[in-house]
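The values are calculated or read from the model by the stated rules, or taken from the named source; none is laboratory data. Bear in mind the structure is a predicted one, so any value in this text is a computation, not a measurement. For neighbour counting, all protein chains shown are included, and Cβ atoms are generated from backbone atoms with ideal geometry for every residue, glycine included.
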Amino acid sequence: MTFRAVLVGCGAMSKGWLSAVVGSELLKGRVEVVGLVDLDHKAAEARALEFSLTDAVIGADLDDVLSKTIPDLLFDVVVPSAREAIAETGFAHGCHVLSEKPMATTLAAGQALIAKAEAAGRIHAVVQNRRFISGVRRIRRFLEGGAIGELTGLHCDFFIGAHFGGFREEMQNVLLLDMAIHTLDAARFMAGKTPLAVYCHETNPRGSWYAHGAAANAIFEFSDDVVFTYRGSWVAEGANTSWESAWRFIGTKGTLLWDGAEAFDAKTVTGDGGFLREVSPVAVPDPEDARQTHGHASVIAEFLDAIEAGRLPETASNDNIKSLAMVFGAIESARSRQRVEIAV
């Protein structure tokens, strides 16, 4: 089946979406982009030209473009504050909606989106594209296999001096709300655990070029007594980590280190004596399904597969809201300087 799609929001983020739709073998023949929408008509025209979408309807009015094109899908790549209204318009036109992250600017708005999708009988999901990379899928499989025993803790460092310009530099809680959602969602997925509570300390370090909240340190309590710690900054220059963070996973039998790129170092205890026990290396297997390791293309393909199968996709909003709840729990903890329970 070829799905007809309209993309709304033709800024910088749209390039990754369109590159996947137009250029990935995984999506070849599965999606036809029939419309592009942006308040800046020239931005939409530029994207159409860049990706040779010569037959796409271009416009600034989403309702009008949806009426003209009658698509199956709406790709929502707008700024977070416009998310709810855009998705609601898509549902009203019978579209399944795939949104950029975060899925909403408040938990209440996220819950409202879930309810509206259910009422419309449509699927709403979120592009958590970093869940669909090789390292994350490999680690999920490795931990599920029990190679280092039962997971007791996972810890990550995210330190990058990122100069975006634009709306991010004016956002409140910019690191937690705009970036940490990726890391927190990956942690929840890799651990296979439920977030229960958080304590977070947020700062905007001296020299920051952001208006608010460019750095944060958080301790999350997961189910089964697993602890997840997050240390992050978008104003840490001089020694950038990977965009996927640097990770340590601790189990009852050993530890796995991941640099967020291609380096994996897993060891389990093999000795039974001495102050520090002898350890031996353990291989981290490849992902079970290589089709799930292509970022945007994989998450879009999984979305389409779910629609065709009549099921919810992996990143459906009623699951993704648990990751969003981690973000807002951390923000509330930073504001109140108290431990905050996470419940959705």
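Values for this structure:
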quantity: Candidates VAL57, VAL34, filtered to the one that is farther than 18 Å from GLU100 by Cα, in contact with a Pro (Cβ under 9 Å, 6 or more places away or on another chain) and at pLDDT 95 or above; calculated: VAL34
quantity: Subset of the range 236-260 (residues that are in a loop (DSSP other than H, G, I, E, B), on the phi < 0 side of the Ramachandran plot and in contact with an Asp or Glu (Cβ under 7 Å, 6 or more places away or on another chain)); calculated: THR241, SER242, THR252
quantity: Filter result (closer than 17 Å to GLU150 by Cα and either in a loop (DSSP other than H, G, I, E, B) or polar (S, T, N, Q) (or both)) within the range 268-282; calculated: THR268, THR270
quantity: The one condition in (1) touching a Phe, Trp or Tyr at 6+ places or on another chain (Cβ under 9 Å); (2) part of a loop (DSSP other than H, G, I, E, B) that GLU302 fails to fulfil; calculated: (2)
quantity: Residue match in the range 154-169 (condition: over 19 Å from the mean Cα position of the chain (by Cα), closer than 17 Å to ALA246 by Cα and in contact (Cβ under 8 Å) with a residue 40 or more places away in the chain); calculated: yes
quantity: Residue in the range 309-336 that is farthest from VAL174 (Cα to Cα), counting only those that are in contact (Cβ under 8 Å) with a residue 24 or more places away in the chain and in a loop (DSSP other than H, G, I, E, B); calculated: LEU312
quantity: Residues satisfying the stated conditions in the range 62-86, i.e. within 19 Å of HIS296 (Cα to Cα) and hydrophobic (A, V, I, L, M, F, W, C); calculated: LEU73, LEU74, PHE75, VAL77, VAL78, VAL79
quantity: Selection within the range 143-161 - buried (at least 21 other Cβ atoms within 10 Å of the Cβ) and part of a loop (DSSP other than H, G, I, E, B); calculated: ILE148
quantity: Only listed residue being within 24 Å of MET103 (Cα to Cα), assigned by TED's automatic domain parsing to the domain that holds TYR199 and not acidic (Asp, Glu), chosen from ARG248, ARG335, ARG277; calculated: ARG335
quantity: Where PHE228 falls short, out of the listed (1) under 30 Å from LEU276 (Cβ atoms); (2) of a type in the set (A, V, I, L, M, F, W, C); (3) surrounded by fewer than 17 Cβ atoms within 10 Å (Cβ to Cβ); calculated: (3)
quantity: Which numbered condition ASP178 misses (of (1) within 30 Å of GLY149 (Cβ to Cβ); (2) part of a helix (DSSP H, G or I)); calculated: (1)
quantity: Pick from the range 106-142, criterion touching a residue at least 60 places away in the same chain (Cβ under 8 Å) and assigned to a loop (DSSP other than H, G, I, E, B), ranking: farthest from GLU341 (Cα to Cα); calculated: ILE123
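Results for (1) buried (at least 18 other Cβ atoms within 10 Å of the Cβ); (2) modelled with pLDDT of 95 or more, shown as yes or no for each residue.
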| residue | (1), (2) |
| --- | --- |
| GLY251 | yes, yes |
| LEU256 | yes, yes |
| LEU276 | no, no |
| HIS294 | yes, no |
| ALA309 | no, yes |
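Residues checked against (1) out of contact with any helix residue (DSSP H, G or I) (no Cβ under 9 Å at 6 or more places or on another chain); (2) among the small types (Gly, Ala, Ser); (3) over 23 Å from ALA246 (Cβ atoms):
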| site | (1), (2), (3) |
| --- | --- |
| LEU107 | no, no, yes |
| LEU113 | no, no, yes |
| ALA125 | no, yes, yes |
| GLN128 | no, no, no |
| ARG137 | no, no, no |
| ILE148 | no, no, no |
